[in-house]
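Undergrad: Starting off with a structure, shown below.
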Amino acid sequence: MDLPEGSESFQAQSHLYKHMLNYISSMSLKCAVELGIPDIIHNHGRPIALSDLVTALEIHPSKTSFVYRLMSLLVHSGFFAATLPLHTKQKQGDHSKGDEEAEAAYDLTPHSRLLLKDKVPCLSPHILTLCPAFLTAWQFLGNWLKGDKGTNPFEIAHGMTLWEYADQNPAFNNLFNEAMASDSGMLNLVIRDCKPVFQGLGSLVDVGGGTGKVAKIISEAFPQLKCTVLDLPHVVANLHDTEKVKFIGGDMFHSIPPADALLLKLTLHAYSDEECLKILKKCREAIPSEGGKVIIIDIVINKEKEEHQVTEAKLFFDMLMMVVVTGRERSERDWEKLFLEAGFRSYKILPLFGLRSLIEVYP
Ligand SMILES: C[S@@+](CC[C@H](N)C(=O)[O-])C[C@H]1O[C@@H](n2cnc3c(N)ncnc32)[C@H](O)[C@@H]1O
């Protein structure tokens, strides 16, 4: 049967509107995180009725139906599961259908379990990507593309680079470092599968290692390893050395302390190819030619082999790197070109981390 006239246009309209309004999904999730909804459900110990959720949120009961609508979207997006509250379940059969709002109850899903504050990993701080400083930068994307000023839209919006902005805004600096550390918590889930990568190494420098979350996880998993974190002075200023992890404030473009291995997690994707070459050449100088290596944990785009949703998330990160810093996401071919140009001879990719891969690069 022929489709009715105009149906293609109506489908196109739905598609367009869905994408024009996609920010509503992001902002609703941000709201749920800010209100602490995942933790409230978790602390409740069982599915929570809408009325109990509103009470726990300390929201006036007159706003119950607004919370219901927020939760309906978040359930639709898979962040929470809608379920019947216990008392309703017990009475099942004798209650009249229809008052969905009065009967609504919510449970966590695997997605919202990753947002629980006292659990590791907890990705809640990553909601940073929706903070005003980042969102403002997006308003300048078109102007930046057409103009010849600024290395990225963030710089046009704020008159300085992201790193300078973090240096000058301690609250943002804390949020940024927390977001990075929260992402690094995911490493806990796979570090033990990476034994061959770290075995036999005596020292490791985490280049652009933030507040040392990855270094801590690695040093706990591989106690023979002496770990050092190199990051910008404002990032490590208030961090204290421990027996296992030392901190150095510096600039990786100028100097990287020598070690058996260097780690760069999500550091190179924040930089352009030209900048990565400079960093990788410094890395090459800092490791032994025999037995040394660079370990990169970063995105490798593989459109042909991965699921549509995975590629989409990687392309989102690619755009984010364009808008807030000077970086980009790379395919295996892009990475290989960089490694060879920087004077490395070979590399090995382990696609271990969902969106991220671990790449060992050898001199
Ligand atoms: C995207 S973050 C990744 C942080 C950390 N590796 C992680 O995954 O949690 C990039 C890091 O590089 C640091 N960085 C940026 N420029 C740097 C430089 N010139 N020298 C040293 N660190 C730098 C930033 O401060 C930030 O901590």
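Undergrad: DSSP loop GluC sites (Glu not before Pro) in the stretch 196-274 with at most 13 other Cβ atoms within 10 Å of their Cβ, which ones? Don't skip to the end; give the middle numbers.
TA: Numbers: sites: E220, E243, E274; in loops: E243.
The qualifying sites are E243.
Undergrad: Give the whole-number value, in cubic angstrom per residue, of the convex hull volume spanned by the C-alpha atoms of the stretch 169-268. Could you put the intermediate results ahead of the total?
TA: On the way: hull volume 9.2 nm³, N = 100.
For the stretch 169-268, the hull spanned by Cα atoms encloses 92 Å³ per residue.
Undergrad: Around S124, under 15 Å between beta carbons, what's the net of Lys plus Arg minus Asp minus Glu among the other residues? Please list the in-between numbers first.
TA: Values: positive: K30, R113, K117, K119, K213; negative: E34, D39, D118, E178, D183.
Its environment carries a net charge of 0.
Undergrad: Would you mind telling me the antiparallel percentage of the DSSP bridges in the stretch 227-363, rounded to 5?
TA: Details: 12 of 24 bridges.
Percent antiparallel among DSSP bridges in the stretch 227-363 is about 50.
Undergrad: Name the lysines eligible as straight-distance cross-link partners of K18: C-alpha to C-alpha under 29 Å, and not fewer than 8 places from it in the same chain.
TA: K30, K63, K146, K303, K305, K314
Undergrad: Given a 10 angstrom Cα cut-off, can you work out which residue in Q199, Q13, Q139 is the most mobile in a GNM of the chain?
TA: Q13
Undergrad: Hey, another quick one. Kirkwood hydrodynamic radius, the chain, all distinct C-alpha pairs: what's the number in Å?
TA: On the way: mean 1/r = 0.0434 Å⁻¹.
Over the chain, the inverse of the mean reciprocal pair distance is 23.0 Å.
Undergrad: A follow-up question, please. In deg cm²/dmol, rounded to 500, what helix-only [θ] at 222 nm does the chain give when every DSSP H run of at least 4 residues adds -39500 (n - 2.57) and the total is split over its residues? Intermediate results must be reported in sequence, preceding the final value.
TA: Values: 19 runs with 168 residues, N = 363.
The helix contribution divided over the chain gives -13000 deg cm²/dmol.
Undergrad: How many angstrom separate the Cα center of the stretch 305-345 from the Cα center of the stretch 94-168?
TA: The stretch 305-345 and the stretch 94-168 have Cα centres separated by 21 Å.
Undergrad: Can you give me the convex hull volume of the Cα atoms of the stretch 312-353, divided per residue and expressed in Å³?
TA: For the stretch 312-353, the hull spanned by Cα atoms encloses 87 Å³ per residue.
Undergrad: Let a ≥ b ≥ c be the square roots of the eigenvalues of the Cα gyration tensor of the stretch 152-213; is it rounded (a/c under 1.5), or, if not, prolate (a/b larger than b/c) or oblate?
TA: On the way: a/c = 2.99, a/b = 2.47, b/c = 1.21.
Since a/c reaches 1.5 and a/b is larger than b/c, the shape of the stretch 152-213 is classed as prolate.
Undergrad: Mind jotting down the distance between the C-alpha centroids of the stretch 24-47 and the stretch 213-270, whole Å?
TA: 33
Undergrad: What is the set of long-range amide H partners of L263 at a cut-off below 5 Å, with H atoms built 1.01 Å from backbone N?
TA: V205, D206, V207, I295
Undergrad: Using a 10 Å Cβ count of at most 16 others and DSSP loop calls, identify the longest part of the chain lacking such trypsin sites (Lys or Arg not before Pro).
TA: Working: sites that count: K91, K97, K117, K119, K149, K244, K303, K305, R345.
Longest run free of exposed loop sites: 150-243.
Undergrad: Could you go through the stretch 287-297 in sequence order and give the Karplus-derived ³J(HN,Hα) for each residue, using 6.51 cos²θ - 1.76 cosθ + 1.60 with θ = phi - 60°, rounded to whole Hz, and x for Gly and Pro?
TA: Using θ = phi - 60°, the values come out as 10, x, 5, 9, x, x, 7, 10, 10, 10, 10 Hz.
Undergrad: Using θ = phi - 60° and the Karplus relation 6.51 cos²θ - 1.76 cosθ + 1.60, list the HN-Hα couplings for the stretch 228-245 in order, rounded to whole Hz, with x at every Gly or Pro.
TA: So the Karplus estimates, Gly and Pro as x, are 10, 10, 9, 8, 4, x, 5, 7, 9, 3, 9, 9, 9, 4, 10, 4, 9, 10 Hz.
All of the numbers you see were taken from the coordinates with simple rules; none came from a lab. Fair warning: this is a prediction, and the values are worked out from it, not measured in the lab. So basically every Cβ, Gly included, is an ideal-geometry build from the backbone, and we count neighbours across all protein chains shown.
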